[in-house]
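Data first, discussion second: the structure below is written as structure tokens.
The values are calculated or read from the model by the stated rules, or taken from the named source; none is laboratory data. Model, not experiment: these values are computed from the prediction. We place every Cβ from the backbone using ideal geometry, glycine too, and count neighbours over all the protein chains shown. SASA here: full protein model, heavy atoms, side chains in, ligands and nucleic acids out. Shrake-Rupley method; radii C 1.70, N 1.55, O 1.52, S 1.80 Å.
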Amino acid sequence: MSLPVDPTTSIDPTTSVDPLPAEPRQKQPREEQPGSEEQRGDVLRPHAEDAFAGELAALAAQDDRPRPARWRLSPWAVATYLLGGTLPDGTVISPKYVGPRRIVEVAVSTLATDRALLLLGVPGTAKTWVSEHLAAAVSGDSTLLVQGTAGTPEEAIRYGWNYARLLAHGPSRDALVPSPVMRAMAEGMTARVEELTRIPADVQDTLITVLSEKTLPIPELGQEVQAVRGFNLIATANDRDRGVNELSSALRRRFNTVVLPLPASVEAEVDIVARRVEQMGRSLELPAGPDGLDEIRRVVTVFRELRDGITSDGRTKVKSPSGTLSTAEAISVVTNGLSLAAHFGDGVLRPGDVAAGILGAVVRDPAADRVVWQEYLEAVVRERDGWTDFYRACREVSA
């Protein structure tokens, strides 16, 4: 497959021509990935489509509902993959996202249209996690990713050049280096853009033509890439970055925005933290220990109260620190605590194992946040029944 010979002719999305350089995809089919099976099993953090390949295969085998063009699963099966459930043959699909079902349904149905999806929320609300799993379930590949930063160039979204070939032969198909977005357009896949609002505004706007016209011009070659059916884009944005590089109204109109909320209740957040800590513990090969739900609940309670500015019983107002104290940070605190308990303790998660992690998460501003933390310890934690050991452990690391 190759580019059209006539440079004035655009690429027809209904044909099988490949508008990209004949370079191999970085992510090869599972059976073709280099290295031994043992080496591939040593990957610290497998992609979603690899980590949950069994669940995706089971869903595909039993999914008899209509599938949009080039989708691996039907929208119903994609939602089931994210939310969890039990298939008719008894296969259990683990939940990847714990939250309102309607949010996932709206996100999935958006991807089945010609509108891109923007996942918006405060830090730690699983935006990246959800976008990865959506791409894995829809396209079977979550690696077509642009990571947004203040230094992200236009080439990361459009295309770049192999300068050795460019200098030797001039602009040509062989010298073109496609971006993940260009590859997704050509192959009918799902592209991902992380932290869209961190990207400079002029670079963001390169997406306007892609999302509205479904076309990416290549003026150097007098050609264009037209998206084939199945292409769509998922972007994530932190609503605390509002004003950093806020989206233009023209670009925002190209997205259907879905806001991912913080967990609605303590129980929901404890469930999320416990599930993710268990998964991460297996990945990191931490020794299995007794159930640490009591300490997980304590960490979640502390984070929620400081985040909300009021105790769980609604009786005492507290000051909030400068950090977000997200669910993701709670997962990190508990995972680190489990590592301490496993390698330097008796394997049981105790207050002393999580105290230092909580202090590090809460006290980001050494002056202001330390005062907030000390006041919370003395006014709330000290007086709470059954929290004496936790209070002492926190006081010890805070001294």
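For segment 198-210, how many residues are more than 23 Å from Tyr163 (Cβ to Cβ) and open to solvent by 10 Å² or more (accessible area, probe 1.4 Å)?
5
Please work out which residue is surrounded by the most Cβ atoms within 10 Å (Cβ to Cβ), limiting yourself to segment 75-90 and to residues that are touching a strand residue (DSSP E or B) at 6+ places or on another chain (Cβ under 6 Å) and free of Cβ contacts under 8 Å to residues at least 12 places away in the same chain.
Among those residues, the one meeting the criterion is Gly85.
Can you pull out every residue in segment 91-104 that is open to solvent by 60 Å² or more (accessible area, probe 1.4 Å) and outside any loop (DSSP other than H, G, I, E, B)?
Val92, Arg101, Arg102
From Arg282, Arg252, Arg240, Arg229, which residue is modelled with pLDDT under 95, open to solvent by 20 Å² or more (accessible area, probe 1.4 Å) and closer than 28 Å to Arg70 by Cα?
Sole residue among the options that is modelled with pLDDT under 95, open to solvent by 20 Å² or more (accessible area, probe 1.4 Å) and closer than 28 Å to Arg70 by Cα: Arg252.
Please give the helices (runs of 4 or more DSSP H) falling wholly within segment 155-234 in which 3 or more residues are of a type outside the set (A, V, I, L, M) and within 25 Å of the chain's Cα centre (by Cα).
In segment 155-234, the matching helices (runs of 4 or more DSSP H) lie at 180-187.
Going by the conditions given, is Glu224 acidic (Asp, Glu), open to solvent by less than 50 Å² (accessible area, probe 1.4 Å) and either in contact with a strand residue (DSSP E or B) (Cβ under 8 Å, 6 or more places away or on another chain) or without any contact (Cβ under 8 Å) to a residue 12 or more places away in the chain (or both)?
yes
Restricted to segment 158-185, and to residues that are under 21 Å from Glu132 (Cβ atoms) and of a type in the set (A, V, I, L, M), which residue is surrounded by the fewest Cβ atoms within 10 Å (Cβ to Cβ)?
Met182
Can you find a residue in segment 120-134 that is aromatic (Phe, Trp, Tyr), assigned to a helix (DSSP H, G or I), open to solvent by 20 Å² or more (accessible area, probe 1.4 Å) and at negative phi?
So far as segment 120-134 goes, yes, one or more of its residues are aromatic (Phe, Trp, Tyr), assigned to a helix (DSSP H, G or I), open to solvent by 20 Å² or more (accessible area, probe 1.4 Å) and at negative phi.
Within segment 40-74, which residues are without any contact (Cβ under 8 Å) to a residue 12 or more places away in the chain, surrounded by 16 or more Cβ atoms within 10 Å (Cβ to Cβ) and not in a loop (DSSP other than H, G, I, E, B)?
Once the filter is applied, which keeps residues that are without any contact (Cβ under 8 Å) to a residue 12 or more places away in the chain, surrounded by 16 or more Cβ atoms within 10 Å (Cβ to Cβ) and not in a loop (DSSP other than H, G, I, E, B), segment 40-74 yields only Ala51.
Can you name the residue in segment 114-148 that is in contact with a strand residue (DSSP E or B) (Cβ under 9 Å, 6 or more places away or on another chain) and free of Cβ contacts under 8 Å to residues at least 60 places away in the same chain and is also nearest to Ala58 (Cα to Cα) among such residues?
Out of the qualifying residues, it is Leu144.
How many residues are assigned to a helix (DSSP H, G or I), among the polar types (S, T, N, Q) and either touching a helix residue (DSSP H, G or I) at 6+ places or on another chain (Cβ under 9 Å) or open to solvent by 30 Å² or more (accessible area, probe 1.4 Å) (or both) when one looks only at segment 106-119?
Summing the residues that are assigned to a helix (DSSP H, G or I), among the polar types (S, T, N, Q) and either touching a helix residue (DSSP H, G or I) at 6+ places or on another chain (Cβ under 9 Å) or open to solvent by 30 Å² or more (accessible area, probe 1.4 Å) (or both) in segment 106-119 gives 1.
Please enumerate the residues belonging to segment 137-154 that are assigned to a helix (DSSP H, G or I) and crowded, with 18+ Cβ neighbours inside 10 Å.
Once the filter is applied, which keeps residues that are assigned to a helix (DSSP H, G or I) and crowded, with 18+ Cβ neighbours inside 10 Å, segment 137-154 yields Ala137, Val138, Ser139.
Tell me yes or no: at least one residue of segment 263-283 is closer than 22 Å to Pro100 by Cβ, hydroxyl-bearing (Ser, Thr, Tyr) and in contact (Cβ under 8 Å) with a residue 60 or more places away in the chain.
Within segment 263-283 (the criterion being closer than 22 Å to Pro100 by Cβ, hydroxyl-bearing (Ser, Thr, Tyr) and in contact (Cβ under 8 Å) with a residue 60 or more places away in the chain), the answer is no, since none of the residues qualifies.
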